[in-house]
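What follows is calculated from the coordinates using simple rules that are stated; it is not laboratory data. Values in this document were obtained by computation on a predicted structure and should not be read as measured data. Note that we place each Cβ from the backbone using ideal geometry, even for glycine, and neighbour counts take in every protein chain shown.
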Amino acid sequence: MKISKLSISAVIFTLLLILWPIFSFISLPTGISFSEQLNSIQQNMGLYILNFVIAFLIAPALVFMLFELYKKITGNPWNITAKIGFILYGLFILVVNISYGSQFLYLPFIIDAKPESSVINWYFYNGHSTVILINQTGYLLWSIATLIIFSRYIFKSSLAFFIVKILTLAALTQLVATIGLYLNQPNLSILTFYSGILLIPTGILIIIYSFLKSKTPANESH
């Protein structure tokens with residue numbers, strides 16, 4: 001049985017998405033104050049960096065998986081909607097990885113060199129930091145792109161389109177979460193966690209779907 005690009009991308013994405021919260025928990029800085037947390041990072045820098053290297057890989061893995069899913073369920077029609085959506089996906093990767101990349105390419109080098117207020121502004125676990133604003137703006141782009149590309153297929157039947165329904169729900173949840181962050185509404189911004197949770201069954205179902213499709217190679221049309 002030939003393993004498709006969709007299968008490989010879905011397995012890689014799902015593994016990364018499962019590993020990230022595990023390493024986030026292991027590497028989570030300890031302490032109540034930001035000073036204590038930054039000191040904790042310095043003592044466990046390797047784990048902190050590894051956690052965000054994993055996070056850095058998630059966005060490109062997600063987009064590649066969705067690219068392969070799009071081709072599989074639509075027969076690859078590159079209309080203007082798809083082109084706009086995937087341009088936004090490219091911007092999503094760029095923007096969101098500024099936030100994740102800064103945690104291992106920038107933050108470790110400014111902890112001692114910059115005033116604490118400057119460091120905290122680039123500290124990922126500060127919910128009011130610039131880096132979180134950048135991160136959530138990236139996921140806003142992902143939400144818009146996902147809705148543009150996939151929402152038109154939610155009323156179709158079959159496993160593929162059940163996956164699209166979950167994906168669309170994740171995008172809508174993230175959209176509301178980002179608006180909540182912009183409006184300083186914690187009860188809404190916390191929804192970003194649930195959007196991420198929805199991507200785990202999405203990845204698992206795409207793995208199942210991709211292996212089923214590998215047995216029946218004809219593409220499913222829209």
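Observations
- Helix 159-182 and the longest principal axis of the C-alpha atoms of the chain enclose an angle of approximately 30°.
- Computed label-point distance, nm, for sites ILE204 and THR130 using a 7 Å Cα→Cβ extension: 4.0 nm
- Cα centroid separation, the stretch 111-127 to the stretch 143-162: 39 Å.
- Relative contact order, percent, the stretch 5-215 [alpha-carbon distance under 8 Å, six or more residues apart]: 22 percent
- On Cα atoms only, tilt of 80-105 relative to the major axis of the chain in degrees: 30 degrees
- Per-selection metrics, the stretch 5-117 (Cα): Rg and Dmax in Å: 17.7, 54
- Within a Gaussian network of the chain (alpha carbon springs, distance under 10 Å), most fluctuating of ILE207, ILE26, ILE73: ILE26
- Hz values of 3J(HN,Hα) by residue in the stretch 3-16 - Karplus curve (6.51, -1.76, 1.60), Gly and Pro given as x: 8, 7, 4, 5, 4, 4, 5, 5, 5, 4, 4, 5, 4, 4
- The lysines whose alpha-carbon is closer than 29 Å to the alpha-carbon of LYS213, local same-chain residues fewer than 8 away aside, are LYS2, LYS5, LYS71, LYS72, LYS83, LYS156, LYS165.
- Modelled FRET efficiency - R0 45 Å, PHE109 with TYR182, Cβ distances, 0.05 increments: 0.95
- Label-point gap, in nm, between PHE162 and ILE87 - each point 7 angstrom along Cα→Cβ: 3.6 nm
- When LEU28, LEU69, LEU38 are sorted by how many other C-beta atoms sit within 10 angstrom of their C-beta, beginning with the fewest, the order is LEU28, LEU38, LEU69.
- Sorted fewest first by neighbouring Cβ atoms within 10 angstrom, TRP20, TRP142 come out as TRP20, TRP142.
- Fraction of alpha-carbon pairs over 26 Å apart in the chain - percent: 39 percent
- Based on DSSP H segments of at least four residues, each scored -39500 (n - 2.57), the chain has a per-residue ellipticity at 222 nm of -26000 deg cm²/dmol.
- Axis of helix 34-43 versus longest Cα principal axis of the chain: the two differ by about 80°, to the nearest ten degrees.
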